[in-house]
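Notes to accompany the following structure.
The values are calculated or read from the model by the stated rules, or taken from the named source; none is laboratory data. Computed from a predicted model, the values in this text were never measured in an experiment. Note that each Cβ is placed from the backbone with ideal geometry, even for glycine, and that neighbours are counted across all protein chains shown. Only protein heavy atoms, including side chains, enter the accessible area calculation; ligands, DNA and RNA are left aside. Shrake-Rupley method; radii C 1.70, N 1.55, O 1.52, S 1.80 Å.
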Amino acid sequence: MTPAISIRQVTKRFGSVQALAGIDLNVQQGEFFGLLGPNGAGKTTLISALAGLVRLDSGHIEILGCDVVADYRNARRQVGVVPQELVFDPFFSVRETLNIQCGYFGIRQSRGRDAWIDEVLENLDLTAKAKANMRSLSGGMKRRVLVAQALVHRPPVIVLDEPTAGVDVELRQTLWQFIRRLNRDGHTIVLTTHYLEEAESLCTRIAMLKAGRVVALDTTANLLQRFSAHALRLRLSQDARLPPALAQRAEIKEGVCSIPFERFDQIEPLLAELRSCGCHLDELEIGKPDLEDVFVRVMRGQQGSALS
Amino acid sequence: MIGFTTLLYKEVLRFWKVGFQTVAAPVITALLYLLIFSHVLETHVKVYETVSYTAFLVPGLVMMSMLQNAFANSSSSLIQSKVTGSIIFVLLPPISYQAFYLAYVLAAVVRGISVGVGVLLATLWFAPLQFVAPLWIIVFALLGGAIMGSLGVIGGIWADKFDQLAAFQNFLIMPLTFLSGVFYSIHSLPPFWQQVSHFNPIFYMIDGFRHGFFGVSDVSPWHSLVVVSVCFVLLTTLTLVLLKRGYKLRA
Ligand SMILES: Nc1ncnc2c1ncn2[C@@H]1O[C@H](COP(=O)(O)OP(=O)(O)O)[C@@H](O)[C@H]1O
Ligand SMILES: [Mg+2]
């Protein structure tokens with residue numbers, strides 16, 4: 001099957017900044033793909049390049065087999081991009097904005113087109129605002145319109161650049177519900193976000209970018225397994241000390257000792273070891289693997305074999 | 001094709017929605033020029049035997065308003081959407097750069113002609129006009145509007161900020177339009193300035209346009225047509241090259 005997005009040997013430099021330093025990446029059709037990384041890692045530049053907003057220094061990007069430079073018109077028809085910046089055209093109402101956007105993509109005014117716009121409005125809770133001028137909308141509402149604009153031409157590939165930055169809980173939930181549904185219907189989704197729990201629950205595969213390079217690329221499950229583990233989190237009583245064998249394995253942060261383990265039947269011997277050396281505990285909980293852990297480790301440069 | 005017509009429609013709608021500012025205001029400005037200059041100069045200046053000064057002034061003002069507003073339309077639309085970031089809405093869709101060019105330039109021509117017709121109607125009371133060769137009127141109106149619409153596209157994509165565009169307008173467009181024989185015949189100028197005027201393409205637009213009204217002009221309308229057409233082709237080519245490269249639009 002043709003990949004939804006194929007990125008090969010992509011580089012881009014802005015003056016002295018190497019924004020993209022040789023990126024290779026394939027996103028398969030139907031995937032819910034996460035693009036993570038700290039600010040300045042190159043996520044937006046990569047998205048802009050695949051949307052044709054940024055010209056590459058070298059390398060190629062194809063969307064469903066269409067080169068974004070040589071075959072830009074077909075490539076652009078296949079992709080809907082929700083930009084990171086909250087931009088809008090103050091001259092028009094929500095519905096005018098969406099009708100115009102449809103026209104730009106060559107979609108003739110028809111009952112089918114109106115029905116789809118209505119459906120998008122409905123799903124993003126925008127129906128009541130359809131006639132409102134863009135200027136009068138709150139930030140969250142403008143963000144919804146940006147999402148709607150990216151979807152008007154029913155693109156098979158949908159790219160969202162930090163769609164939930166500074167957005168209230170309600171919109172996040174509405175948005176993810178809708179995007180999940182589109183993904184179930186076969187749309188490929190690419191997402192960047194700083195909310196790692198969001199990425200963890202939504203994305204089946206994740207690439208982590210750092211300084212314009214992919215430093216980790218794997219399924220979410222594998223990344224979690226590889227870089228994060230279940231851990232016993234202990235807060236020791238005042239004078240208590242961990243036995244040396246455990247202290248070696250533990251990681252101590254803000255007074256909490258985390259002792260990783262792989263299987264739940266390893267807990268009992270761990271506790272027995274603590275008891276046998278008379279170590280008193282104030283608090284105990286079992287920590288689950290999480291993406292934040294993975295992210296921190298990968299970014300610290302312990303990537304090892306993070307690429308697979 | 002639908003992409004193109006939608007972009008054209010949107011560009012026309014954009015100025016039409018604020019028509020008071022984009023069409024009515026320039027008509028009033030032109031009317032003020034007419035009142036002042038014709039009052040002061042009517043009895044002192046006679047350019048052509050058969051044409052009163054006020055009548056002579058009208059086509060010049062019509063053309064000047066058309067040119068300035070055609071430039072203002074494409075340039076302000078582009079700089080506004082660049083500054084606000086909403087330019088991406090026209091950069092993301094599969095619109096070819098040729099269609100992009102055509103939509104912005106045609107919208108500029110539509111704005112120019114709307115203002116031009118407005119000025120013409122508003123000045124009908126002040127001087128009896130003739131329309132000796134209407135084809136020349138139409139040809140020079142279209143070519144002039146398209147040239148300034150193209151220049152507006154170039155200015156709009158070149159400028160990063162409003163004040164850079166204002167500089168472009170104040171130091172290039174305004175002097176060229178004012179020093180082009182709107183208010184006088186260049187034959188009344190000293191020889192040196194006559195020579196200089198012959199390097200100003202806008203002089204030919206106005207002279208040819210005026211020929212359509214009165215059948216007389218400083219140079220032959222065919223001569224003007226050649227100069228103006230060459231400008232049009234050069235500017236169109238330059239604009240298309242810039243758009244194809246994505247100069248200052250695609251980083
Ligand atoms: N248009 C531009 N001009 C100059 N530098 C840029 C431009 N766009 C991005 N950069 C730089 O490229 C790097 C990557 O930026 P970006 O792709 O926005 O990162 P991210 O989206 O991951 O936060 C940053 O150092 C940024 O300053
Ligand atoms: Mg970004």
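Any residue in the range A:158-172 that is within 14 Å of chain B (Cβ to nearest Cβ) sitting within a Cβ distance under 6 Å of a residue that is open to solvent by 40 Å² or more (accessible area, probe 1.4 Å) and within 13 Å of ligand 2 (Cβ to nearest atom)? List the pairs, counting only those 6 or more apart or interchain.
From the range A:158-172, the pairs are A:Asp161/A:Thr44; A:Asp161/A:Gln84.
Could you tell me whether any residue of the range A:223-236 is under 27 Å from A:Gln177 (Cα atoms) and surrounded by 15 or more Cβ atoms within 10 Å (Cβ to Cβ)? Before the answer, list the steps.
Step one: filter the range A:223-236 for residues under 27 Å from A:Gln177 (Cα atoms), giving A:223-225.
When the remaining residues are screened for being surrounded by 15 or more Cβ atoms within 10 Å (Cβ to Cβ), the result is A:223-224.
Yes.
Scan the range A:6-36 residue by residue and report those that are in contact with a Cys (Cβ under 9 Å, 6 or more places away or on another chain) and open to solvent by 10 Å² or more (accessible area, probe 1.4 Å).
A:Glu31 - this is the single residue of the range A:6-36 that is in contact with a Cys (Cβ under 9 Å, 6 or more places away or on another chain) and open to solvent by 10 Å² or more (accessible area, probe 1.4 Å).
Of everything in the range B:59-86 that's in a helix (DSSP H, G or I) and free of Cβ contacts under 8 Å to residues at least 40 places away in the same chain, which residue is farthest from A:Pro155 (Cα to Cα)? Give the derivation first.
Within the range B:59-86, the subset in a helix (DSSP H, G or I) is B:59-84.
From the residues that got through so far, the ones that are free of Cβ contacts under 8 Å to residues at least 40 places away in the same chain too are B:80-81, B:84.
Numbers: B:Gln80: 28, B:Ser81: 24, B:Thr84: 25 Å.
The residue in question is B:Gln80.
Would you tally the residues in the range B:20-55 being open to solvent by less than 20 Å² (accessible area, probe 1.4 Å) and within 14 Å of chain A (Cβ to nearest Cβ)?
Adding up the residues that qualify gives 1.
Given the conditions (1) at the interface with chain B (Cβ under 10 Å from one of its Cβ atoms); (2) free of Cβ contacts under 8 Å to residues at least 60 places away in the same chain; (3) within 22 Å of A:Ala199 (Cα to Cα), which single one is not true for A:Gly140?
Result: A:Gly140 fails condition (1) only.
What's the number of the condition A:Asp118 fails, among (1) open to solvent by 60 Å² or more (accessible area, probe 1.4 Å); (2) part of a loop (DSSP other than H, G, I, E, B); (3) more than 16 Å from ligand 2 (Cβ to nearest atom)?
(2)
With respect to A:Arg181, is the statement that it is basic (Lys, Arg) and either modelled with pLDDT under 90 or within 16 Å of ligand 1 (Cβ to nearest atom) (or both) true? Even if it seems obvious, please write down each step before you answer.
Details: basic (Lys, Arg): yes; either modelled with pLDDT under 90 or within 16 Å of ligand 1 (Cβ to nearest atom) (or both): no.
Judged against the criteria, A:Arg181 is not a match.
Do the conditions hold for A:Ala70, that is, is it within 16 Å of ligand 2 (Cβ to nearest atom) and more than 16 Å from the chain's Cα centre (by Cα)? I'd like the intermediate steps shown before the answer.
On the way: within 16 Å of ligand 2 (Cβ to nearest atom): no; more than 16 Å from the chain's Cα centre (by Cα): yes.
No.
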